[in-house]
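As structure tokens, the structure follows; a few thoughts come after it.
Since every read-out is calculated from the coordinates, none of them should be taken as a lab result. What you see is a predicted model, and the numbers here were worked out from it, not measured in a lab. No Cβ is skipped: glycine too gets one built from the backbone with ideal geometry, and neighbour counts run over all protein chains shown.
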Amino acid sequence: MTCMPLSSAGPSPASTPSAAETPAILDLTIEAMGAAGDGVARHAEGQVFLPLALPGEKVRARLAGKRAEVESWLDESPERVTPPCRHFPTCGGCVLQHWDLAPYAAWKRGRLVEALARAGFPDAPVAPLVMTPPQSRQRADLGLERLPDGRVQIGFHQRGTTNLVPMQECHVLRPELVALLAPLAETLRHLEGLRRLGSAVINLLASGPDILLRTDAPLSMPDRRLLAAFAADQHVPRVAWAGKGSGAEVAAQLGAVRHLLSGAEVVPAPGAFLQASAEGEAAIIAALLEGLPRKLPGRAAIADLYAGLGTLSIPLAARARVTAFEAVPEAVSALATAAGKAGLRVKPVRRDLDRQPLAGPELKEFAAVVLDPPYAGAAEQTALLARAGVPSILYVSCNPVALARDAKPLQAAGYRISAATPVDQFLWSPHLESVVAFTR
Ligand SMILES: C[S@@+](CC[C@H](N)C(=O)[O-])C[C@H]1O[C@@H](n2cnc3c(N)ncnc32)[C@H](O)[C@@H]1O
């Protein structure tokens, strides 16, 4: 086995633990992979998390509270591989590029198995992980920073910090998005509306890249001309802008904006939520349709909660009438227009489900409820679904911890899991998407 020193300092001899205190440098064996993608080891005072360490490895590490930095590898895992990206491990976009895909996939699937076991479903039928390919992400949320010399950097943040890693290559984003970054940085260099910090959400739509810039100063007239010239050069139909805390406005529009969701045309607002990749979206929809009861009553209706632009409502409407609940008004009106134009059986309703979750009698009309909440999950809404006894609940989750919490009341109310599909929407990150079908 080779040794791979991480820092420039050579390995220091491990100290012997004294009864009084744990030494700063320790030799540790990595027992498992933690939820955030760090190796987990144990020492006299408890667990410690080690970025970049893999299960089975022996390392010499410098302790810093609950974390430790590997100073050298004493025994490397055969599962260690060469990370494809030059920005690894500095960039916070990927934390697990150094792990072979087979054990990585088993670990990700295991996160769903564990989450469901914690909720009281130890024997849930969890399918193999559906992987999404590299260079498939259609949505990028990037930081912008003006350097003292006036240049602008664009990239993801370094893990756990606000420092930007200027992106020169990326193995998760669609190449069309990466290709835009150098010309965008050059344009932003001259933008008076960007003083120091900002962000850019870029959605790759059917009509081309759609950009929402958030900056720390208002746009000037020359800024708007600059953005229009950039849009024309780069074939970008729309560039929108928003200030701190203000809504988005169109800064330059050179063509129609459109996107296709299961074949239906929608016009997303700037920065609208899209599933991370077309492949992930297809896997979620397939798992949802598979998880619905084979036979729905003739006049059955489905509720789609946290519906966004209707990514899930539209394909669900092939099976039954759908009422789509969503808080963001722009998404509700985009879905209403799309449904009207295509004659879809989808009725969008604007509703804040945190303040006013669906409850009691209003749930009675639904044979199935689909919910796809944000990262925090939907604790109150799931408890109300359990109480109402909706026959089929399909939970699309982007957070196994929230899923485990939200599934508990369903278990207590007598639901069982008929299918559970983990989907790797965020390759090489610790994030996990899953679709779980609960029936009663
Ligand atoms: C994970 S996204 C899912 C969107 C959609 N299902 C899809 O597949 O594209 C979560 C959605 O919940 C919406 N949302 C967040 N908080 C909400 C709330 N309190 N009430 C209703 N919708 C909310 C967001 O605007 C977003 O569209």
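Taking amide H positions as modeled 1.01 Å from N, with prolines and chain starts lacking one, the residues under 5 Å from Leu197 and 5 or more places away or on another chain are Arg146, Asp216. With both labels modelled 7 Å from their Cα along Cα-to-Cβ, the Asp123 to Thr337 distance reads 5.2 nm.
Phi angles of region 134-142 translate, via the Karplus equation with coefficients 6.51, -1.76, 1.60 and θ = phi - 60°, into HN-Hα couplings of x, 6, 10, 6, 9, 9, 10, 10, 10 Hz per residue; Gly and Pro are given as x. With the Kirkwood sum run over all distinct C-alpha pairs, region 294-440 has a hydrodynamic radius of 15.5 Å. Of all aspartates and glutamates in the structure, the ones whose alpha carbon falls short of 13 Å from that of Lys347, not counting any fewer than 8 places away in one chain, are Asp304, Glu326. In a simple Cβ point-charge model (Lys, Arg +1; Asp, Glu -1; nothing else charged), the chain has a dipole of about 1240 debye relative to its Cα centre.
Among Lys341, Lys408, rank each residue by its count of other Cβ atoms within 10 Å, from fewest to most, as a rough exposure measure.
Listing Lys341, Lys408 from fewest to most nearby Cβ atoms yields Lys341, Lys408.
Summed over all non-identical Cα pairs, the Kirkwood treatment of the chain gives a radius of 23.9 Å.
Extending 7 Å from Cα along the Cβ direction at Glu192 and again at Arg67 yields two label points whose distance is 4.1 nm. Residues whose amide H lies under 5 Å from that of Asp304, counting only those 5 or more places away or on a different chain, are Thr323, Ala324, Phe325, Val370; hydrogens are built 1.01 Å from N in the peptide plane.
Going by C-beta contacts inside 10 Å, put Thr82, Thr337, Thr215 in order with the fewest on the left.
Values: Thr82 7, Thr337 14, Thr215 24.
Ordered from fewest to most neighbouring Cβ atoms within 10 Å, Thr82, Thr337, Thr215 come out as Thr82, Thr337, Thr215.
Amide hydrogen proximity for Leu164: with H placed 1.01 Å from N in the peptide plane, the residues at 5 or more positions away or on another chain lying under 5 Å are Gln158.
Simple rule: put +1 on each Lys or Arg Cβ and -1 on each Asp or Glu Cβ in the chain, find the dipole, and look at Gln381, Ala317, Gly56; the Cα lying farthest toward the positive end is Ala317. The length gained on full extension between Asp149 and Lys347, counted as 0.36 nm times the residue separation minus their Cα-Cα distance, comes to 66.1 nm.
Length gained on full extension, Ala318 to His43, computed as 0.36 nm times the residue gap minus the Cα-Cα distance: 93.5 nm. Working note: Karplus 6.51/-1.76/1.60 with θ = phi - 60° gives region 277-292 the couplings 9, 5, 5, x, 4, 5, 5, 5, 5, 4, 5, 5, 5, 5, x, 5 Hz, where Gly and Pro are set to x. Listed peptides 196-205, 240-249 appear in the order 196-205, 240-249 once ranked by packing, highest mean of other Cβ atoms within 10 Å at the front. Legend: ranking of residues Leu335, Leu116 from fewest to most surrounding C-beta atoms inside 10 Å; resulting order Leu116, Leu335. Computed over the Cα atoms of region 160-203, pair by distinct pair, the Kirkwood hydrodynamic radius stands at 12.1 angstrom.
Computed from label points 7 Å out along Cα-Cβ, the spacing between Arg355 and Arg294 is 4.4 nm. Given their separation in residues at 0.36 nm each and the Cα-Cα distance between them, Val401 and Arg225 gain 58.7 nm when the chain is fully extended. Of all DSSP-defined beta bridges confined to the chain, some 70% are antiparallel rather than parallel.
Along region 240-245 the Karplus relation, 6.51 cos²θ - 1.76 cosθ + 1.60 evaluated at θ = phi - 60°, assigns HN-Hα couplings of 10, 9, 9, x, 5, x Hz to successive residues, with x for each Gly and Pro.
Note on the chain: helix-only mean residue ellipticity at 222 nm, from DSSP H runs of 4+ residues weighted -39500 (n - 2.57) and normalised by residue number, equals -7000 deg cm²/dmol.
Sorted largest first, the principal axis extents computed over the alpha-carbon atoms of region 77-232 equal 62, 32, 26 Å.
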